[in-house]
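For reference, the structure is listed below as structure tokens.
The values are calculated or read from the model by the stated rules, or taken from the named source; none is laboratory data. Everything numeric here is computed off the predicted structure, so don't read it as measured data. Don't worry about glycine lacking a Cβ; one is built from the backbone with ideal geometry, like all the others, and counts go over all protein chains shown.
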Amino acid sequence: MLRRPERHLDRLTIEFRWEATRRHPVYLQLWEIQQSAQAMSPPATWHEVRQIEDVINACNAIRVVSEPVDPALSFEELSALEPSELFHCNALQPVTVKMMLGVIGKHLSSDSLRRVAETFKSIADGKDGALDTNEALVAFAEIINSVEPEMEAVVPGPFYVVSPVAPREQWQEDMARCQNYWREQLNLQPSRDRPRDYPNYLRAWDLSEGFSEGRYHRDRATSFVDVGRELRKDESTIRRWYHRAFFLITGHEFSNENWHSVMGFQQLSGFMGLTISPVSRERLRRTNLQQRDVDFSTVQQDESFLDTAAAPSSVADLREICTRVCQLIKDGLSDTGIIDRIEIEFGTQQDINDAEIRDAINYLRSRDDVRSHYLGDR
């Protein structure tokens, strides 16, 4: 199970939280089971109970917390529902008691925790009638004051007391300042995606995977070339849009392994006699190709590695990719142009991460001697 990162949906508007989630196979499973469960009360067998529990746990893993809504509905069609209630996260979230206790447990020393715990016990005894509650609360205040400066330490995270009577303009100004501060502190990089491009990403995904009417149709899975013809875009653009859609839906960068974890059962299972489309069979073949446990950025560390690394004949040779990158640099292509060509020429054989190949391009651009080595002074 490929879990969505905890804060992935925070980066998206409510509209695209829904559009990404209704395409997730786990959500589709929850919807199907919820529809089936309505016809059986209580569930007929222990197996059915466990199945429901498993899917609910899986939905928690993709940050969905409410009863499912029909995935065939677009965002515009959810007029009767508050879509934000579907998800674990929003830009602003209330702080729960459990969260506060977690912060206390994490940031106080063991001695301070023991003293606070003893005082909590006194307060509990007071509420039970064994002790005077007011006296216990006074004792608690004394404990808090006695463990300074720990109690005055600022929690390393965006925890603030917000005044509801402050003017709205002041709220907006302070929130913007806090957001900028914590983005810098947590080294959060701005997304390379542009929200206005999200519909294009999802359109490429829908056509490639055969998604429509709230479900995946195996017989409608389409190759990137054919999707490009329909959308009047080149194959590399469709591939890039598809990869970005995968990230929107799952919170993870696209790879053959990640695709198989998310979409394998949906598109590749022969369960109950379901057929597998030729397009999905090709994806399965690529997933099963033997791959080396070496990432592309290794070329930055020592170019001699490429002279000794052994690669199976079924996988694109890393040295061959580097030679091709050097030739494209010589031909004057931009970084984006080089990445597009490498994905077209080698992407079906070896999963190549854009960030890693961009680092490798920068390295090769800066080293005339290394480029000469790969090109043989051509």
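Quick notes on this structure:
- When the criteria are applied in full, W46 meets the requirement of being of a type in the set (F, W, Y), modelled with pLDDT under 60 and either under 21 Å from V262 (Cβ atoms) or loosely packed, with under 15 Cβ neighbours inside 10 Å (or both).
- Pairing each residue of the stretch 16-38 that is closer than 13 Å to T250 by Cβ with any residue that is part of a helix (DSSP H, G or I) and among the polar types (S, T, N, Q), provided the two are 6+ apart or on different chains, yields C-beta distances under 6 Å for P25/Q266; Y27/T21.
- Hey, S208 of a type in the set (S, T, N, Q) and within 18 Å of V262 (Cα to Cα) or not: yes
- Helices (runs of 4 or more DSSP H) wholly inside the stretch 209-282 that include at least 3 residues being outside the structural domain of T336 (by TED's automatic domain parsing) and hydroxyl-bearing (S, T, Y): 235-250
- Within the stretch 108-131, restricting attention to residues that are loosely packed, with under 13 Cβ neighbours inside 10 Å and at pLDDT below 70, the residue that is nearest to V155 (Cα to Cα) is K127.
- Meets criteria (surrounded by 20 or more Cβ atoms within 10 Å (Cβ to Cβ), over 19 Å from the mean Cα position of the chain (by Cα), on the phi < 0 side of the Ramachandran plot and modelled with pLDDT of 65 or more) for F211: yes
- Screening D219 against (1) over 19 Å from L12 (Cα atoms); (2) loosely packed, with under 13 Cβ neighbours inside 10 Å; (3) free of Cβ contacts under 8 Å to residues at least 40 places away in the same chain leaves a single unmet condition, (3).
- Selection over the stretch 324-359 of residues that are more than 18 Å from E282 (Cα to Cα), modelled with pLDDT of 65 or more and of a type in the set (D, E) gives a count of 5.
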